[in-house]
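Have a look at the structure below, then the notes.
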Amino acid sequence: MATILDELKWRELIYDMSDGVAELLARETITLYNGFDPTANSLHVGHLVPLLALARFQRFGHTPIAVAGGGTGLIGDPSGKSQERQLLSTEQVAENVEAIKAQLARFLDFEVKSNPARVVNNADWLAPLSMMSFLRDIGKHITVNYMLSKDSVKSRLSSESGISFTEFSYMLLQAYDFAHLFQHHGCVLQTGGSDQWGNITAGVELIRRMFGGKAYGLVYPLIVKADGSKFGKTESGSVWLDPRRTSPYRFYQFWFNTDDADVVRYLKFFTWLSEAEVAELAHCVATQPEQRAAQQRLARELTRMTHGETALARAEAASRVLFGGELNGLSAQDVGEIFEEVPASTLPRHALEGEGVSIVDLLTTTGLANSKGDARRKIEGGGVYLNNHQLSDPLRKVSLQDSIEGQFIVLRHGRRNYHLVKLQ
């Protein structure tokens, strides 16, 4: 019978783990946790690996805990950072925690009776700690020598900026998270990205010294593109799970634009598709890459999972627009994003009041036609489209009623020669 480790292995999601993890997971179901620090008011696509892994553990009968770091978020994790983080206010961290908790809840099952998921905030046990109790009850168990041996600390000590005592203490705070969850929730496994290995093993050691208990760690590989560049970044910044920060259309396009060299790995990392389904899509990539079947499936699975069926349908409709699909039902925001990179011009909104302007004049002023005569010939030849509807009458007027929420007019000549008119 397959175990969660079998699942993680074929998905290439195991970077390292403590001795004994395989035996532990083979003989019993456990409670595990993964932490998510609230450095922003949304998780991003890089968080999906550990988040989905918690959900994978849950489907194999284990009990997942997602820790929103309302306490540790006030300090900042030095792992993987070359310089000090900018500290957030208590109010900002609290707001971020609430936003992140809602996102975590979309991926985990809180209703299943046997092993319901739990989301907790580590500020609940870290904030009440006094300085004296922290130093006496926790700090005395971990030596400075031990902390200095960790890569997250060593790399900062050798940098020009160094490391403050604030960030140096982060390892102890995360270690105490693990100890607290071990003591109060029977949590014996902490997971995270490979950059968290030092923090995780510090928690394993703290549990051993405080309680004489046995705990474990398992870390996932940090995701990078095949060309070595950073995953989850676009020219406009990070790809967020919050639709207000990254629209479902942009989210869909991010996955659809995945390179052939990365798409099979991403199907393993980020979807629930079976090994056989992924193998079939890998075959499509190898034999018919131009069809982009794997990229389309990846984009559909992730958009549905993150934003729901309705948002997926809108994203796919928006994607079809560039190939002549209907604009009906799309918002002005959708249209602005779809045509962000096409040639554009501005037009006073009042110019379209009443009867509006001649389509011939509009084609000429936007440059889609060289002259009024050229514009008439293109219309009569069936090559001109207004909001992706073919025109045939060169006497046609374009008014505000033709605009999309009073903000845009979409013109097209031929198959892909678009021009966006922005109304001001």
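The values are calculated or read from the model by the stated rules, or taken from the named source; none is laboratory data. Keep in mind it's a predicted model, so treat the numbers as computed, not measured. Here Cβ is always computed from backbone atoms with ideal geometry, including for glycine, and neighbour counts include all displayed protein chains.
Can you name the residue in the stretch 166-191 that is on the phi < 0 side of the Ramachandran plot and of a type in the set (Gly, Ala, Ser) and, of all such residues, is nearest to the chain's Cα centre (by Cα)?
As a first pass, look at the stretch 166-191 and keep what is on the phi < 0 side of the Ramachandran plot: 166-185, 187-191.
Among the residues that remain, those that are also of a type in the set (Gly, Ala, Ser) are: 169, 175, 179.
Details: 169: 28, 175: 26, 179: 29 Å.
The selected residue is 175.
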Looking at (1) on the phi < 0 side of the Ramachandran plot; (2) at pLDDT below 95; (3) under 22 Å from the mean Cα position of the chain (by Cα), can you tell me which one residue 76 breaks? (1)
Tell me, which residue of the stretch 294-319 that is surrounded by 15 or more Cβ atoms within 10 Å (Cβ to Cβ) and among the polar types (S, T, N, Q) is farthest from the chain's Cα centre (by Cα)? 319
Show the residue pairs meeting these rules: Cβ distance below 9 Å; 6+ apart or different chains; first residue within the stretch 139-165 and outside the structural domain of residue 198 (by TED's automatic domain parsing) and more than 12 Å from residue 198 (Cα to Cα); second residue exposed (fewer than 12 other Cβ atoms within 10 Å of the Cβ) and not hydroxyl-bearing (Ser, Thr, Tyr). none
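Across the stretch 109-132, what is the number of residues that are part of a loop (DSSP other than H, G, I, E, B), out of contact with any Pro (no Cβ under 6 Å at 6 or more places or on another chain) and either buried (at least 20 other Cβ atoms within 10 Å of the Cβ) or of a type in the set (Val, Ile, Thr) (or both)? Give the steps one after another, and end with the answer.
Within the stretch 109-132, the first condition is being part of a loop (DSSP other than H, G, I, E, B), and the residues that meet it are 109-117, 122, 127-130.
Right, trim to out of contact with any Pro (no Cβ under 6 Å at 6 or more places or on another chain) and you get 109, 111-116, 122, 127-130.
Next, from what is left, pick out any that are either buried (at least 20 other Cβ atoms within 10 Å of the Cβ) or of a type in the set (Val, Ile, Thr) (or both): 112, 122.
Counting residues in the stretch 109-132 that are part of a loop (DSSP other than H, G, I, E, B), out of contact with any Pro (no Cβ under 6 Å at 6 or more places or on another chain) and either buried (at least 20 other Cβ atoms within 10 Å of the Cβ) or of a type in the set (Val, Ile, Thr) (or both) gives 2.
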Condition test on residue 240, is it among the aromatic types (Phe, Trp, Tyr), at pLDDT 95 or above, touching a strand residue (DSSP E or B) at 6+ places or on another chain (Cβ under 6 Å) and not assigned by TED's automatic domain parsing to the domain that holds residue 12? yes
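Working carefully through the options 138, 142, 100, find the one that is under 21 Å from residue 77 (Cβ atoms), within 33 Å of the chain's Cα centre (by Cα) and surrounded by 12 or more Cβ atoms within 10 Å (Cβ to Cβ).
Values: 138 fails: within 33 Å of the chain's Cα centre (by Cα); 142 fails: within 33 Å of the chain's Cα centre (by Cα).
Selected residue: 100, the only one of 138, 142, 100 that is under 21 Å from residue 77 (Cβ atoms), within 33 Å of the chain's Cα centre (by Cα) and surrounded by 12 or more Cβ atoms within 10 Å (Cβ to Cβ).
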Assuming residue 22 fulfils every condition listed in (1) buried (at least 18 other Cβ atoms within 10 Å of the Cβ); (2) in contact with a helix residue (DSSP H, G or I) (Cβ under 8 Å, 6 or more places away or on another chain); (3) within 14 Å of residue 217 (Cβ to Cβ) apart from one, which condition is it? (1)
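Filter the stretch 271-299 down to residues that are assigned to a helix (DSSP H, G or I) and either free of Cβ contacts under 8 Å to residues at least 24 places away in the same chain or in contact with a His (Cβ under 9 Å, 6 or more places away or on another chain) (or both), then give me how many there are. Explain how you work it out, then say what you get.
So the first thing to find is which residues in the stretch 271-299 are assigned to a helix (DSSP H, G or I), and the list is 275-287, 289-291, 293-299.
Cutting the leftovers down to either free of Cβ contacts under 8 Å to residues at least 24 places away in the same chain or in contact with a His (Cβ under 9 Å, 6 or more places away or on another chain) (or both) gives us 276-284, 286-287, 290-291, 293.
Residues that pass the stated criteria total 14.
Look at the stretch 381-405 and say how many of its residues are touching a residue at least 60 places away in the same chain (Cβ under 8 Å) and of a type outside the set (Phe, Trp, Tyr). Walk me through how you get there before you give the answer.
First pass over the stretch 381-405, keeping only residues touching a residue at least 60 places away in the same chain (Cβ under 8 Å): 385, 387-388, 404-405.
From what is left, the residues that are of a type outside the set (Phe, Trp, Tyr) are 387-388, 404-405.
Adding up the residues that qualify gives 4.
Residues in the stretch 231-240: is at least one out of contact with any helix residue (DSSP H, G or I) (no Cβ under 6 Å at 6 or more places or on another chain), surrounded by 15 or more Cβ atoms within 10 Å (Cβ to Cβ), in contact (Cβ under 8 Å) with a residue 24 or more places away in the chain and farther than 30 Å from residue 314 by Cβ?
Initially, the stretch 231-240 is screened for residues out of contact with any helix residue (DSSP H, G or I) (no Cβ under 6 Å at 6 or more places or on another chain), giving 231, 233-238, 240.
If we keep only those that are surrounded by 15 or more Cβ atoms within 10 Å (Cβ to Cβ) too, we end up with 231, 233, 238, 240.
Next, from what is left, pick out any that are in contact (Cβ under 8 Å) with a residue 24 or more places away in the chain: 231, 238, 240.
Still in the running and farther than 30 Å from residue 314 by Cβ: none.
The answer is no, given that none of the residues of the stretch 231-240 is out of contact with any helix residue (DSSP H, G or I) (no Cβ under 6 Å at 6 or more places or on another chain), surrounded by 15 or more Cβ atoms within 10 Å (Cβ to Cβ), in contact (Cβ under 8 Å) with a residue 24 or more places away in the chain and farther than 30 Å from residue 314 by Cβ.
Please state which one of 206, 172 is assigned by TED's automatic domain parsing to the domain that holds residue 8 and in contact with a His (Cβ under 6 Å, 6 or more places away or on another chain). Write out each step before concluding.
Values: 172 fails: in contact with a His (Cβ under 6 Å, 6 or more places away or on another chain).
Of the residues listed, the single one that is assigned by TED's automatic domain parsing to the domain that holds residue 8 and in contact with a His (Cβ under 6 Å, 6 or more places away or on another chain) is 206.
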Residue under question is residue 207, and the condition is that it be modelled with pLDDT of 90 or more, touching a Lys or Arg at 6+ places or on another chain (Cβ under 8 Å) and either outside any loop (DSSP other than H, G, I, E, B) or surrounded by 23 or more Cβ atoms within 10 Å (Cβ to Cβ) (or both); does it hold? yes
